[in-house]
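All remarks here apply to the structure that follows.
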Amino acid sequence: MDSFFSVLDATIRVATPLVLAALAGLFSERSGIVDLALEGKMLAAAFAAACVAYMMQSPWAGLAAGMAAGVMVALLHGIVSIGYNGNQLISGVALNMMVSGLTPVLALAWFQQGGRTPTLDDAARFRSVELPVADAIAASAPLKALFGHNILVYLAVLVIMAVSWVVYKSRFGLRLRAVGENPHAADAAGINVKLVRYLAQSISGALCGVAGAYLVLAQTGAFIQDMTAGKGYLALAALIFGKWRPWAAVSGCLLFAFTDAIQIRLQGSELPLIGSIPDAFIQAIPYVLTVVLLAGFMGRAVAPKAIGVPFVKSR
Amino acid sequence: MSQPSNLPRWATLWLMPVLNLFAALLVSGLVITLIGEDPVECLQLMINGAFGYPEGIGYTLFYTTSFIFTGLAVAAAFHAGLFNIGGEGQMYLAGLGVTLVCLGLDFLPGWVVIPLALLASMALGAAWAFIPGYLQAKRGSHIVVTTIMFNFIASALMTWLLVDKLIMPGSQTPATRLFAESAWIPMLHELAANLGIELPQTPLNATFFLALLALVLFYLMVWRSRWGYALRTVGLNEKAARYAGMPVSKVIIVAMCFSGALAGLAAVNELLGSTHRMNLAFTNGIGFVGIAVALMGRNHPFGILLSALLFGALTQGGLDLSFEKPAITHEMIILTQGLIILFCGALENLFQTPLALAFKQMTKR
């Protein structure tokens, strides 16, 4: 039983940045802009968070800087895709490469520690939140895995609820979905399509910013070259897996994080009937599942209708 | 894919890519200034490193060879209206084909092993592209997402194979044993030595000529064949192609296989031409550079030759530069590649409006 809770605990830790990035992608893609740049936004945010948290000795300053960096990359993606009607796929790939190249160059120039930033002190990180009440409950009930996380984990839970409310119940959410499904109809109804898309990009950047900052401020304690290691793409896969719906995307993230957590537990151990499974097979599960889903073997994943098509106002 | 413009043809084909490239290099220069180095001096060092001495030229052309293949791979898919980001994974699997042939059969003479390895590389590259192509054509799964997923699956698969199965017995590093010398593709300096010409020792090998041949064949297949006509029609207007009775699904699937096979040949240049064994990181982003090469070269073989040469020079010159200036690492080159993709691919029409205005002014006078 104990091992079950430690897997659950690890799942929550791994899932948090994925959830934030997947919800970031949800805003962008629901507004009709393909978001391959999740990876780049997260990486830029991780770098900015590491630099500022180190200089100011404050995790909150780091978080703010991470969000600002995420928004900057997102707006760049916005200017290219919305302002210049450029190819959104290519823009995403380009931004990911640019950030992956720029961050270690700057890290080397500013800190002279190879492509990384100095390790943060405890004071500059988010540590686990200790609640006396929670400890009392956790001692009696098998809920240990739900307590003792850092504040960003709990923040992510709030974000999930807020996002699903915003997307489905708010005026902005209605406009967001309209713009992503049929921008010309939305335009005729008096909605400023480009503005809504820019706003969606900014939200996407801010959420990716939190996700990237989490990697540094709550996990590694320093920026390491290419530290996102495909998490942005994994989040995108979870978003598609969740058919562009908030709660389903979150479930996708939890599922992917669970495979990651279980992989560490299973390393080298023998399973009944199957024998030992190579790590690589478990690592590949999220990607294989996404392909299977996209192939339509597990229900249909239908993307927002106007996704990837630049909006040119009809006259 | 570009919008109709009122610019003269030469301006669209030559002036705009050059301006876009210039803009990308300008931003790189700004970053170099920001970290306290002199961009002009760096540019000189790079050009000198890439073209200034025979050894540099050899390395430049070696990198160019791989980039021609991955660039053509991306272009082949682009002509069918598909964005194949999976070049990296296809090249990885192609490397497996080369490796399996070499590990199993390299007791045979070179004229048997090398053609078999070439075929195996193209077959596995094509097979890895076939699945996303099939899913796109028959089930409507978005090719960009599936090829990204296939890159990750390829990487997991190859890590497992190299660490658990193909590793040289008794070795700690995940790499195969060295292939027998009969399977090595002759180096250019060896070929030249046979003719009595002395060239410096570089990994540039006979695959370079195969790449040049591929450029010509690509042109003939895409612009001078019935299949190429169908390919370009599907890319420009799928509905029209279907209305004209073209087998759209088949064209898409074959285009992806063609693309994967081309990406696969880059593995031949790396494995049989240079390293002579397979290791974990042999693809080294070459598949992604192909995207930049195709965009910069406007999907035309001649453009791809020039832009592959540019990226070959960037890679080799950048390596030389990083020896001279430790602050400017290989990552600076990745940044520059990203900027070139951004300006030449996503912002290709950035200068269109100002240029159109300028031309209008000039013709008025």
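The values are calculated or read from the model by the stated rules, or taken from the named source; none is laboratory data. The structure displayed is predicted, hence computed values, not measured ones. As a convention, Cβ positions derive from the backbone with ideal geometry for all residues, glycine included, and neighbour counts pool all protein chains shown.
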Checking the condition over 14 Å from the mean Cα position of the chain (by Cα), surrounded by fewer than 22 Cβ atoms within 10 Å (Cβ to Cβ), assigned to a helix (DSSP H, G or I) and away from chain A (no Cβ under 14 Å), which residue from B:Leu357, B:Leu310, B:Leu306 passes?
B:Leu357
If you take the residues in region A:76-125 that are part of a loop (DSSP other than H, G, I, E, B) and either within 18 Å of B:Leu295 (Cβ to Cβ) or touching a Pro at 6+ places or on another chain (Cβ under 7 Å) (or both), which one is farthest from the other protein chains (Cβ to nearest Cβ)?
A:Arg125
Out of (1) under 14 Å from the mean Cα position of the chain (by Cα); (2) modelled with pLDDT of 90 or more, the odd one out for A:Tyr198 is which?
(1)
Output for region B:75-103, where each listed residue is within 14 Å of chain A (Cβ to nearest Cβ) and farther than 22 Å from B:Ala117 by Cα
B:Ala75, B:Ala77, B:Phe78, B:Gly81, B:Leu82, B:Phe83, B:Asn84, B:Ile85
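For region A:210-233, name all the residues that are in contact (Cβ under 8 Å) with a residue 60 or more places away in the chain and within 12 Å of chain B (Cβ to nearest Cβ).
Selection gives A:Gln225, A:Asp226, A:Gly230, A:Lys231, A:Gly232, A:Tyr233.
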Going through region B:307-317 one residue at a time, which ones are farther than 18 Å from B:Asn284 by Cβ and modelled with pLDDT of 95 or more?
B:Leu309
(1) outside any loop (DSSP other than H, G, I, E, B); (2) closer than 26 Å to A:Leu76 by Cβ; (3) not basic (Lys, Arg): which one isn't true of A:Gly252, the others all being true?
(2)
Residues of region B:234-250 satisfying the condition of being within 26 Å of the chain's Cα centre (by Cα) and buried (at least 22 other Cβ atoms within 10 Å of the Cβ)
B:Val234
Whichever residue in region B:254-287 is within 14 Å of chain A (Cβ to nearest Cβ) and surrounded by fewer than 24 Cβ atoms within 10 Å (Cβ to Cβ) and, among such residues, is farthest from the chain's Cα centre (by Cα)
B:Leu280
Among the numbered criteria (1) within 30 Å of A:Ser28 (Cα to Cα); (2) in a helix (DSSP H, G or I); (3) modelled with pLDDT under 95; (4) within 14 Å of chain B (Cβ to nearest Cβ), which single criterion is violated by A:Leu155?
(4)
Can you tell me which residue is farthest from A:Arg245 (Cα to Cα) among those in region A:1-54 that are assigned to a loop (DSSP other than H, G, I, E, B) and either of a type in the set (D, E, K, R) or within 14 Å of chain B (Cβ to nearest Cβ) (or both)?
A:Ala37
Of A:Leu174, A:Leu236, A:Leu207, which residue is farther than 21 Å from A:Met67 by Cβ and either within 14 Å of the chain's Cα centre (by Cα) or more than 14 Å from chain B (Cβ to nearest Cβ) (or both)?
A:Leu174
